[in-house]
Amino acid sequence: MPNLNDHTRILIPATYRLLVVTILSSAIYAVLFNVYSTPFIIHAFQPAFFTLLHLMLFIYLYRNPQKRIHRVINTYGAIILLTSVPNTLYFTIGAWQNKWQFVEIFPPISGMIILSTTLIMLMLPEKLNRLVVITWSLNSLPVLLFLLTHPDELQTPRGYDLLFLFGPASLLILLIIPYQRSINHHMNSISFDLQYSQQLADRDFLTDVLNRRGLENWLNKLDSGSKICVLLIDIDHFKNINDKFGHTIGDHVLVEFASRLRTIYFNDHGLARWGGEEFIMVIVNPSHDLLTTIGPIFKHTLNQLPYRQVDKVTASIGISTIQPKAHFLDLVEEADKAVYYAKSNGRNQVVIYSSALIETKTPD
């Protein structure tokens, strides 16, 4: 999945699995409660409603996971946490009103509540921790308060079981919060380091424009329907500059040359060092008129002012035709032939590729 950070890459498949498990669990409960009916109305509709709700959430995520993942996670957390509270309050309030014995009627969902809350806290954004803690408190405190004020129900196997599940589990929730913060901090640190390393790997260390790898990655991010044209810009007689002034001065010329290239065209494009003294610019969705006007602009900007320490520097520029981005290599070949023609016929000129270009001797 392009353009996603590492946390999101992990989160999307994890959320799919969580939704599938929730859908299957809710569906099983819906079947069981209909086959083995209970006297409580809430059991008749709640599992089926959960199944439908999470199925809709799964479909919503499937249609655009990259943009919708965090919204789905937030919604899932809200559904699981907020719907568990009415369920707990329903049975607790009924027990307070002596409608039933709590330890016999309260469904065996305490473990599921703890597990769901733990998973949600690990997956939800850190800013929603307060919601999780409040919702957990609304689930656990009524149960604990009832049991502590009704020792006859507390001093039963189920009573002790609920006491230890909701009591120590509260401490577990408090421990998860700093753990989650540590995980998020660690993941953000790893993601930043990876992005920084990728940026370094995608850029030319001298001129700080893209290298071939970086240009390829940039091209892969373009829409498949994009059309492009390629400009190859080759510094004339660069070997003579290195021989006369030294490679250090030659490097300075490359840096200044790349800086001037950055100032010429500001619409959607990719600029890279193609190799040695040759640079490449890929222009996205250019007009046909642009092909005839942009070349002189490049030439004027690159040649108008003298370069420090070496005075005048010129360049030969080859411009390809406009084709879909899938034909990038063909366009590079066209631009290369145009540069070859420019160098063979005196250098310091712009040539637009056409099939009528005449082959000449190899330039010096």
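Every number in this text was worked out from the coordinates using simple rules, so none of it is lab data. The model shown is predicted, which means the values in this text are computed figures rather than measured ones. With ideal geometry, Cβ positions are generated from the backbone for all residues, glycine too; neighbour counts draw on all protein chains shown.
Could I have the simple spin-label model distance between E104 and N303, label points 7 Å from Cα toward Cβ, reported in nm to one decimal?
10.0 nm
If amide H atoms are built 1.01 Å from N in the plane of the peptide, which residues on other chains or at least 5 residues away come under 5 Å of the amide H of I228?
It is N285, Q323, K325, by chain and number.
Roughly how far apart, in whole Å, are the Cα centres of the stretch 249-263 and the stretch 287-321?
13 Å
If you place +1 on the Cβ of every Lys and Arg, -1 on the Cβ of every Asp and Glu, and leave all else neutral, what size is the dipole of the stretch 227-322 about its Cα centre, to the nearest 20 Debye?
On the way: 9 positive and 10 negative charges, 23 e Å.
That gives the stretch 227-322 a dipole magnitude of about 120 debye.
How large is ³J(HN,Hα), in whole Hz, for each residue of the stretch 71-78 in order, when computed from phi with the Karplus curve 6.51 cos²θ - 1.76 cosθ + 1.60 and θ = phi - 60°, using x for Gly and Pro?
Couplings: 5, 5, 4, 4, 5, 4, x, 5 Hz.
Starting from one equal scatterer on each C-alpha and no solvent at all, send me the Debye-based log10 I(q)/I(0) for the stretch 235-364 at q = 0.11, 0.15 Å⁻¹, two decimals.
-0.39, -0.73
Provide the FRET efficiency to the nearest 0.05 for the R17-N285 pair, computing r from the beta carbons and using R0 = 41 Å.
Details: r = 40 Å, r/R0 = 0.97.
Once the sixth-power term is evaluated, E becomes 0.55.
Over the stretch 197-248, what per residue volume does the convex hull of the Cα atoms give, in whole Å³?
Details: hull volume 4.3 nm³, N = 52.
It comes to 83 Å³ per residue, whole-number rounded.
Can you tell which of V282, G318, I235 lies farthest toward the positive end of the dipole of the stretch 219-364, using +1 and -1 charges on the Cβ of basic and acidic side chains (Lys, Arg; Asp, Glu)?
Farthest towards the positive end: I235.
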